[in-house]
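Read the structure below first, then the notes.
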Amino acid sequence: MCIPGWKFCRNGSKALSIRVGRSWLSSPRFIFYPPASWALGSALTAVFPWTIVSSLHIWIALTAAGVSMFFLAREWFDRRDASFAAVLYAVNPYHLLIVYWRSDFAELLASWLLPLLLLLILRAGRGNRRVTTFLAVILACSWLTNAPAAVMVHYSLALLLLVIAWQRRSSRVLLTGAVAVLLGAVLAAFYLLPAIYEQRWVDIAQALSPGYRPIDNFLFVHTSDAEHVAFNRVISWIAVAEIAATIAAAWMARQWRRRAPALWWAIVIWAAACVVMMLPISQPLWSFLPKLRFMQFTWRWLLCLGIPFTLLVTMSLRGWGSRIALYAAMLGVLAFAGRHYQPPYWDHADDLREMQDNMSAGEGYDGVEEYTPTAADPSAVGKDARRVRIEGPAHGVIHVLQWNAKRKLFTAEVSAPDKLALRLFDYPAWRVEVNGRVAQAEARDGTGQLLVPVQAGANRVQINFARTWDRTAGFWISMLAALLVMFLWRTSFLS
């Protein structure tokens, strides 16, 4: 059971059906979408009613973010101030915007990784190379949680390592980071390898269609889409408020340059980089740096800015009255932007009822174009398309016995040799068998639907979503990498 608008699905299969009009088609979304958030959602729905799973998912993500920030802040603050930093980070305005406006629960879940990333980098700068394995696990988790967040994590890692290397006048920390990046990638190979290899089978360029390009999402940018502009205004004002608060807090906490120079320069430079990346001046970087443009939304850097914002506010504001006043002011900005530009949830009761009816009737919901198989055209498929129909002049009787995300089984008794057109996009991972023998299927011109050749008489057709070589190879690479990491840790080879 898939829940509209959520980033996870109770059906843990790798193939997902998406709705185009009132038609079901195949989309390999979970090949390309990291597994952590939808696997967590699947586990929660196995125990709790699905009506409360979104709230539980949010609670887990925010709690994990607060706990990781507490561990980071505890390195420099007492328990009282570290607790304040944990709460502030967990419910900072950008996190609330994700919860009430965006519902991007995978990105929210990735927020717990960032404080630990900074903590491990700072420890690596002190010469503790044993953190390499922990850092590798953090990087692997970023790939398995949210791909845009993983891009931010890796670019942030590179920047912070350069800052620490400059401060320590040593390049050894750069080697530590390089090893961690490599180990993290192979740990996540069971997801990364298929996601990279199978991009050739889908229209991945649609991820950068108008409205989803970095150039369309700089702060206060104006496009022809009124809803896009309204949301951009909301998030732009939140960004301005957080940037202003971060700058003011950095000025007030400038004495920390002497107390903790490594921490100070790391978070100040990190904050400056996040701000620049949200402004049009950074447009050449979005085009030049590898894969950066696939983050789509420049304001996603607010996820990283939350770390310097939280730490600098904790450093500069020592009184609880001033801390509460600052937080109330930022909530006021969020409320003002939501009231004047776009409310937190803009669907109406009829829209929600339609979603519920579509799910109850098995019709699904709209998918995303970047996961559409190559040469497929969802808009060309009729809304009343049957699951299976005879393509040519032959006539016959078709009985569908099973039709789920990973397996289709039906019989077709036809009067003459012909082809069956399925309400299913052609994708190389589909394995087609007719009467127990592997059949060579093809794509229907114009729509990309799967065409299955059948002979006159009775035909039993079975279509399975097979495990391709890249997923098998990725799995074994990850297994070997996990064994290597455990060996390195137990033998303290990197310490």
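Looking across Arg423, Arg389, Arg490, Arg407, one residue alone is over 30 Å from Tyr371 (Cβ atoms), among the basic types (Lys, Arg) and modelled with pLDDT under 95. It is Arg490. Of the conditions (1) under 35 Å from the mean Cα position of the chain (by Cα); (2) surrounded by fewer than 15 Cβ atoms within 10 Å (Cβ to Cβ); (3) touching a residue at least 40 places away in the same chain (Cβ under 8 Å); (4) part of a loop (DSSP other than H, G, I, E, B), Ala405 clears all except one; give me its number. Failing condition for Ala405: (2). Residues that are modelled with pLDDT under 95 and over 29 Å from Leu72 (Cβ atoms) do occur in segment 232-248, at least one of them. Cβ separations smaller than 8 Å between residues 6+ apart or across chains give the following pairs from segment 168-194 residues that are farther than 19 Å from Leu117 by Cα to residues that are assigned to a helix (DSSP H, G or I) and of a type in the set (Val, Ile, Thr): Ala189/Ile477; Phe190/Ile477; Leu193/Ile477; Pro194/Ile31. Is it the case that some residue within segment 255-278 is at pLDDT below 95 and in a loop (DSSP other than H, G, I, E, B)? Taking every residue of segment 255-278 in turn, at least one turns out to be at pLDDT below 95 and in a loop (DSSP other than H, G, I, E, B). The one condition from (1) of a type outside the set (Asp, Glu); (2) assigned to a loop (DSSP other than H, G, I, E, B); (3) in contact with a His (Cβ under 7 Å, 6 or more places away or on another chain) that Val229 does not meet is (2). Being at pLDDT 95 or above and under 18 Å from Phe487 (Cα atoms) is the filter here; which residues of segment 138-179 pass it? Residues satisfying the conditions are Ile138, Ala140. Set side by side, the residues Ser42, Ser54, Ser142, Ser111 differ, and just one is under 17 Å from the mean Cα position of the chain (by Cα), touching a residue at least 60 places away in the same chain (Cβ under 8 Å) and either in a helix (DSSP H, G or I) or under 30 Å from Ser322 (Cβ atoms) (or both), which is Ser111. Considering the conditions (1) part of a loop (DSSP other than H, G, I, E, B); (2) surrounded by fewer than 16 Cβ atoms within 10 Å (Cβ to Cβ); (3) polar (S, T, N, Q), Thr472 is excluded by exactly one of them, (1).
The values are calculated or read from the model by the stated rules, or taken from the named source; none is laboratory data. Source: prediction; values computed, not measured. Note that each Cβ is placed from the backbone with ideal geometry, even for glycine, and that neighbours are counted across all protein chains shown.
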